[in-house]
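Data block below; observations after.
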Amino acid sequence: ICKHYRISVDSVFSNKGDSVTCNYIKLTDSEENFDSYLISLLNQLERLQKTEDSKIIYAAEEIPIFHSFHSKELASFKLFYWQRSVLNIPAYQTKKFDWNVISEKQLDLTKKIHDTYLKVPSTEIWTNETINTTIKQIEYYFESGAFKTKEDAICVLDELKKMAQAINQYAEDEKKTNNATFNLYNSDLVIGTNCIHVTNGSSELSYISFNTLNSLTTSNHQFCEDIEKKIKNLIKKSTLISSVAEKQRFQFFIFLYKAIDASIERIKNY
């Protein structure tokens, strides 16, 4: 019954003891299945955007997926990487990256996901390592010949820098382009895994990432409370660099820009 009506078991039975009921979208080596994943992500964000007092708190081991869709070029690379190297979709195994390899349907979905995220209030916790996963993905693909040209790899890195510059602006303004509040923290602690806590009116959800793309999701109150407590403890040990702390914000983003620029130089001189 719960499956048919898409009702969380946790909302019907309170979990006792050490058991927590989680949901997740099963990702397979299918492009259509990945389309469904993107549609589900968009639907979740749209529900948040339509609800008052909704908020996302995101402890980011790597760049939050929403920012990965900042531009068509960056989204194209990330979608290609995930479908080729994470989901192992057969049709992508012999392809090299170019600007026409990703379907317009997926690119349209990612633009909607990014635009909708900009309308939802959020708090993000980054470390100096958060951006490195994407830099390493780009370098690995270049060095393994998965880019058709050197210029394409450099273009993706340029778009990554533009994404970082946009987030810098959100942090300075303490709001995104659609006026949704935005708080950014810099943590010196290792986050370990992407961890997300969402409040949606009177309800709450927690997400723990696994296998790069997927996440275990639960509305179990005790678990959500523990996740929220963990994230708030991380925030206490982090530096707020949105709105205030101009010097620390400047230093943090200069560090990111230098990491990207260094990658660009390595590829140029390869």
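Just the residues that are open to solvent by 10 Å² or more (accessible area, probe 1.4 Å) and within 16 Å of ILE196 (Cβ to Cβ), please, taken from the stretch 64-76.
ILE65, PHE66
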The stretch 9-22 - residue that is crowded, with 16+ Cβ neighbours inside 10 Å and modelled with pLDDT of 70 or more and, of those, farthest from SER40 (Cα to Cα): VAL20
Test result for SER36, open to solvent by 40 Å² or more (accessible area, probe 1.4 Å), outside any loop (DSSP other than H, G, I, E, B) and either under 27 Å from GLY201 (Cα atoms) or of a type in the set (Val, Ile, Thr) (or both): yes
Identity of the residue in the stretch 77-101, part of a helix (DSSP H, G or I) and out of contact with any helix residue (DSSP H, G or I) (no Cβ under 6 Å at 6 or more places or on another chain), that ends up most open to solvent (accessible area, probe 1.4 Å): PRO90
Long-range neighbours under 7 Å by Cβ, at least six apart or interchain, first residue more than 14 Å from THR127 (Cβ to Cβ) and touching a residue at least 40 places away in the same chain (Cβ under 8 Å) within the stretch 222-240, second aromatic (Phe, Trp, Tyr) and open to solvent by less than 80 Å² (accessible area, probe 1.4 Å): LEU240/TYR185
Cβ pairs under 8 Å, 6+ apart, first in the stretch 51-66 and closer than 14 Å to SER122 by Cα and acidic (Asp, Glu), second assigned to a loop (DSSP other than H, G, I, E, B) and open to solvent by 30 Å² or more (accessible area, probe 1.4 Å): GLU52/GLY201; ASP53/GLY201
Residue that is farthest from ASN168 (Cα to Cα) [pool: residues in the stretch 226-254 that are open to solvent by 80 Å² or more (accessible area, probe 1.4 Å) and under 20 Å from the mean Cα position of the chain (by Cα)]: LYS230
Pairs, first on the phi < 0 side of the Ramachandran plot in the stretch 192-220, second open to solvent by 40 Å² or more (accessible area, probe 1.4 Å) and among the charged types (D, E, K, R), C-beta under 6 Å, six or more apart: THR193/GLU61; ASN194/GLU61; HIS197/GLU228; THR199/LYS55
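Counting only residues that are open to solvent by less than 40 Å² (accessible area, probe 1.4 Å), β-branched (Val, Ile, Thr) and closer than 30 Å to GLU265 by Cα, give me the helices (runs of 4 or more DSSP H) lying completely in the stretch 102-175 with at least 3 of them.
Helices (runs of 4 or more DSSP H) meeting the threshold: 132-143, 150-173.
The values are calculated or read from the model by the stated rules, or taken from the named source; none is laboratory data. Small disclaimer: the values here were computed from a predicted structure and weren't measured. Here the Cβ is made from the backbone with ideal geometry for all residues, glycine too, and neighbour counts use every protein chain on show. Ligands, DNA and RNA are excluded from the accessible area calculation, which covers all protein heavy atoms including side chains. Shrake-Rupley method; radii C 1.70, N 1.55, O 1.52, S 1.80 Å.
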